[in-house]
1. What list of ³J(HN,Hα) couplings, whole Hz, do you get for the range 135-151 from phi and the Karplus terms 6.51, -1.76, 1.60, once you set θ to phi - 60° and write x for glycine and proline?
2. When the Kirkwood radius is taken over all Cα pairs of the chain, what Stokes-Einstein diffusion coefficient follows at 4 °C and 1.567 mPa s, in µm²/s?
3. In the range 10-133, with Lys and Arg counted as +1 and Asp and Glu as -1 at Cβ, which of these residues, LEU80, PHE26, TYR133, has the Cα nearest the positive end of the dipole, that is, farthest along it?
4. Give me, ordered by chain and number, the residues 5 or more places off GLU174 or on other chains with an amide H under 5 Å from its own placed amide H.
5. If you take the beta carbon distance between GLU113 and ALA61 as r and set R0 to 25 Å, what does 1/(1 + (r/R0)^6) give as a FRET efficiency, to the nearest 0.05?
6. How many percent of the accessible area of the range 64-152 is carbon or sulfur, using a 1.4 Å probe?
7. Which FRET efficiency value, to the nearest 0.05, is calculated for GLU289 and GLU198 with the Förster distance at 45 angstrom and r the Cβ-Cβ distance?
8. Going out from 0 in 10 Å bins, what whole percent of all Cα-Cα distances in the range 114-206 drops into each bin?
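The values are calculated or read from the model by the stated rules, or taken from the named source; none is laboratory data. A quick note: this is a predicted structure, and the numbers were derived from the prediction, not measured. Note that each Cβ is placed from the backbone with ideal geometry, even for glycine, and that neighbours are counted across all protein chains shown. Calculation scope for accessible area: heavy atoms of the full protein, side chains included, ligands and nucleic acids excluded. Shrake-Rupley method; radii C 1.70, N 1.55, O 1.52, S 1.80 Å.
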Amino acid sequence: MNLLELARVYPQRPEGGVPDWMLGHFRRRTISFADGRSDERTQVHWLQSRTFTIDLRLPDAPALPVREWQDYAAAELRLLANHEGWMADSIWADGMLSWRGGVSLQLHNRWPEPARLQRIGNCMIEFGTTGAYVEDWRLQAGSGPLIGLRLLEECDAESAEVLRRGGGLILCGERLGWVHGRAVEPSESALQLRERAELAHGSAEALAALFDCETSLACVDQQGRYQVALSTVPARVGQSVSLEGFELLGAGRVCQRLQRPDGRAVVRTFLIDTLEPDWHADLATPSTEQAQRWFASEGETLSRYLEVLS
């Protein structure tokens, strides 16, 4: 069964989770730091399901060429090792959002502090609680399904060998986020991923293990396929994310049976976070009657140059 069909036939959503205004796909417009400098160029995307987040952060540069791991130069490996992609549980309490667990390309938590969030219109502002930074996120308009699935594991269909552990899928309208965890996490080390990648330069096996974690953002094309536009894995750009082969297992789980590009048949098992076939991302947020009267009375100047910023 196609995943979109599964959401129509078996709709469900959890109790609680983050507020509705936090759901969907957000693109970061800017981050400003306490020293007065700002970054508008790093490509950052946040996809939010009811109870978990997918986050992707890439440099403003073309994707690196696809090579065998041992053929990447040390400088290229450092660039790849500075990519960021992860999924984690979203903990919402007292106007603060924090993240727990999940899987990540990075081997340490680069964003450890909780965030205070407020949204007005399509603009969601995230304040770091230490005063280190503030981020301006913009909701990307969309409607259609909202689907969140946590990946438990991916196994070989014949041998049941575990090939991947952890990850997730968030589909919101025309955007899809996908995280694919490693089969085995690297051993503990005081070194960061970029340092370990440079030390492993030339070793295909060691590099493949370090980088065996994918975060991708896909966009729907004219044929309704979700094609990868951005990814921590250069080879994934331009490929599609399959929505076929899904089956409801019961007890809050679904599985997906598919064949990988290398011909290997695999089974993925997911926990359902939400299956909502008719979701809508509203760019507007509520305001008081006083605010609405003020805006109407001052509209001649307030509306001079208004546009939707994304």
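1. 10, 10, 10, 10, 5, 8, 4, x, 8, x, x, 10, 10, x, 10, 8, 7
2. 62
3. It is PHE26.
4. Answer set, sorted by chain and number: SER143.
5. Efficiency for this residue pair is about 0.35.
6. 54
7. Numbers: r = 60 Å, r/R0 = 1.32.
Efficiency for this residue pair is about 0.15.
8. 12, 21, 31, 26, 9, 0
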